[in-house]
Amino acid sequence: MRKIRSRIGICSVVLALFLAGILYLMNAYRRNASDWFLTSYNRHLYSSDYVLLTGTVVDRNGVTLSYVSDGTRLYNGDADIRKATLHVVGDPYNKIGTSTLATMRNDLVSFSAMQGIASVDEAGNTVVLTLDAKLTAAAYRALDGKNGTVCLYNYQTGEILAIVSTPTYDPMNIPEDLEDNRDYSGAYLNRFFSTTATPGSVMKPVILQAALETMQASDWDPAQTGPLADSIFNCKGTISFADGYVNCPKVHGKQSLTETLANSCNCAYASLAVTLGGETVSEFIQKCGLTKSYRVGNISTARGTFEITGIADYRLGYAGVGLYHDQVNPCSLLVYYGAIAGGGKAAVPNTVLEVRDSSGKTLRKPEAVMSDKLMEASTAEYLRKALSEDVRLTYGKDRFPCNIAAKSGTVSQSSGASNCWFAGFTTDPDMPYAFVVYIEHGGSGSRAAGDVAAALLRELVK
Ligand SMILES: [Zn+2]
């Protein structure tokens, strides 16, 4: 009898351990099924040859940009929209590593622990992008076949409404010579997030900020008194340093500080940079976020690089006008101009509005992330007015369909036309948008890049 009782006891313990194990397993399955399903071992269940065979991508207005039908990944019916949105949406084979299809697989695959693999269908979850497909296609057309990048975003929310990177291609008609033709070199890179380029004069507001926040008029010219904002600079067309000189395209003569920006006077900004000194210029380039990598969804932007400290005055002067070894990332430059518009801070750009399940229920909605304080509020106000004057005096207000403040940059190239920039923001109170245009071998920043910005803004105000 005692033996039977002892065996019942052992059986009970074994049964209890067994039931506890079952419960532990069920709980672990409930918590981790989705992660287990999405491991690379199971990739064949929702993709084929790396082509994701579930999930839909739409723009902010519900325009379908990419979807799956009959086991094939397809794209929007308009070729311009397909080419314009390629770098954010993604190519079928994941060659564009920063795209939505490449970085948001786990969001696009809809998996239910209850239904298991039967829950995976072609529609999957939907990623709603912040992009406006029509606006993005207009930006693509405005580039007119040239290589570069364009972005327009809301500096209060971070929502990118338009972003284009060229060279691009049609994901529904992938060119046979895509890998070999030099015209497609860099086509897998989203230049806005992943590249840097010489900024030229779009850097001048950074030097002006550093000067406004640290200098008095007498620091620049002992004969002058009062705040730096009241100082006068006399451009003689060239400024000499011990080891070289910096030129302006013409003699600008006597100018107010605001006019030095509108005239994009190289002599003034080389002189300011040298007066500030390498340590201070370097400190402000960092403060302005130009050496920072921003986190945009699942990707990190390229850091700008500068060689500022320990260099001779002539080189520092050149760095002060955005040349020498200065390299800036378009995204960090856009955030900087957004911060001028926003009073010192701006939202970090973002391409995702939300992720929805097949019933339309919101699964995830990224929150706006603000930049650090990139400048004092008083500096932002000064730069806003100076950049508005720049448009009035230099670029022409009539070229743009709304009030803007902006700065152009033109960087001469030894071969072909100059690389060029146009960066700025709208100043109408109900339009919190900042923009950046960069064109390789585009020509004049104020003309070529300014025209692309004007075309983009015309489509925006429609
Ligand atoms: Zn000058």
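The values are calculated or read from the model by the stated rules, or taken from the named source; none is laboratory data. Remember, it's a predicted structure, so these values are computed and weren't measured experimentally. Cβ placement follows ideal geometry from the backbone for every residue including glycine, while neighbour counts extend to all protein chains displayed.
Condition (residue is over 17 Å from the mean Cα position of the chain (by Cα), modelled with pLDDT under 95 and of a type in the set (V, I, T)) applied to region 290-310: is it met by at least one residue?
Yes, region 290-310 contains a residue that is over 17 Å from the mean Cα position of the chain (by Cα), modelled with pLDDT under 95 and of a type in the set (V, I, T).
List the residue pairs whose Cβ atoms are under 6 Å apart, where the first residue sits in region 199-216 and is at positive phi, the second is of a type outside the set (A, V, I, L, M, F, W, C), and the two are 6 or more positions apart or on different chains.
G200/G322; G200/G409; G200/T410
May I ask you to verify whether A138 is within 28 Å of I340 (Cβ to Cβ), of a type in the set (A, V, I, L, M, F, W, C) and surrounded by 23 or more Cβ atoms within 10 Å (Cβ to Cβ)?
Spelling it out, A138 is indeed within 28 Å of I340 (Cβ to Cβ), of a type in the set (A, V, I, L, M, F, W, C) and surrounded by 23 or more Cβ atoms within 10 Å (Cβ to Cβ).
What are the residues in region 317-344 that are out of contact with any Ser or Thr (no Cβ under 9 Å at 6 or more places or on another chain) and within 16 Å of S201 (Cα to Cα), if any?
Across region 317-344, the qualifying residues are Y318, A319, L333, L334, Y337.
Restricting attention to region 224-234, and to residues there that are in contact (Cβ under 8 Å) with a residue 12 or more places away in the chain and polar (S, T, N, Q), which single residue is surrounded by the fewest Cβ atoms within 10 Å (Cβ to Cβ)?
Result: N234.
Would you confirm, using the coordinates I've provided, whether F284 is more than 12 Å from the ligand (Cβ to nearest atom), at pLDDT below 95 and buried (at least 16 other Cβ atoms within 10 Å of the Cβ)?
When the stated conditions are applied, F284 does not pass them.
Please go through (1) in contact (Cβ under 8 Å) with a residue 24 or more places away in the chain; (2) away from the ligand (no atom under 14 Å from the Cβ) for D221 and return the number of the only condition it doesn't satisfy.
Every listed condition holds for D221 apart from (1).
Which condition number in (1) surrounded by fewer than 21 Cβ atoms within 10 Å (Cβ to Cβ); (2) within 15 Å of the ligand (Cβ to nearest atom); (3) closer than 21 Å to Y314 by Cβ is the one that G200 fails?
Of everything listed in (1) surrounded by fewer than 21 Cβ atoms within 10 Å (Cβ to Cβ); (2) within 15 Å of the ligand (Cβ to nearest atom); (3) closer than 21 Å to Y314 by Cβ, G200 misses just condition (1).
Does G360 satisfy the condition of being part of a loop (DSSP other than H, G, I, E, B) and touching a helix residue (DSSP H, G or I) at 6+ places or on another chain (Cβ under 7 Å)?
Criteria not met by G360.
Could you list, in sequence order, all residues of region 279-311 that are of a type outside the set (K, R), assigned to a helix (DSSP H, G or I) and in contact with a Lys or Arg (Cβ under 9 Å, 6 or more places away or on another chain)?
Q286
Part of a loop (DSSP other than H, G, I, E, B) and either polar (S, T, N, Q) or at positive phi (or both), is that true of T275?
no
Go through region 235-276 and count every residue that is without any contact (Cβ under 8 Å) to a residue 24 or more places away in the chain and either away from the ligand (no atom under 13 Å from the Cβ) or of a type in the set (A, V, I, L, M) (or both).
2
Take region 312-344 and flag every residue that is farther than 21 Å from T280 by Cβ, in a helix (DSSP H, G or I) and in contact with a helix residue (DSSP H, G or I) (Cβ under 6 Å, 6 or more places away or on another chain).
Hits for region 312-344 are P330, C331.
When you check T362 against the structure, is it within 30 Å of T126 (Cα to Cα), polar (S, T, N, Q) and at pLDDT 95 or above, yes or no?
Against the criterion (within 30 Å of T126 (Cα to Cα), polar (S, T, N, Q) and at pLDDT 95 or above), T362 qualifies.
Okay, residues lined up against (1) more than 26 Å from N263 (Cα to Cα); (2) surrounded by 22 or more Cβ atoms within 10 Å (Cβ to Cβ):
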residue: K345; (1), (2): yes, no
residue: D357; (1), (2): yes, no
residue: R384; (1), (2): no, no
residue: D390; (1), (2): no, yes
residue: C402; (1), (2): no, no
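For region 129-153, what are the residues that are under 21 Å from V58 (Cα atoms), in contact with a strand residue (DSSP E or B) (Cβ under 6 Å, 6 or more places away or on another chain) and not in a loop (DSSP other than H, G, I, E, B)?
L135, T136, A139, Y140, V150, C151, L152, Y153
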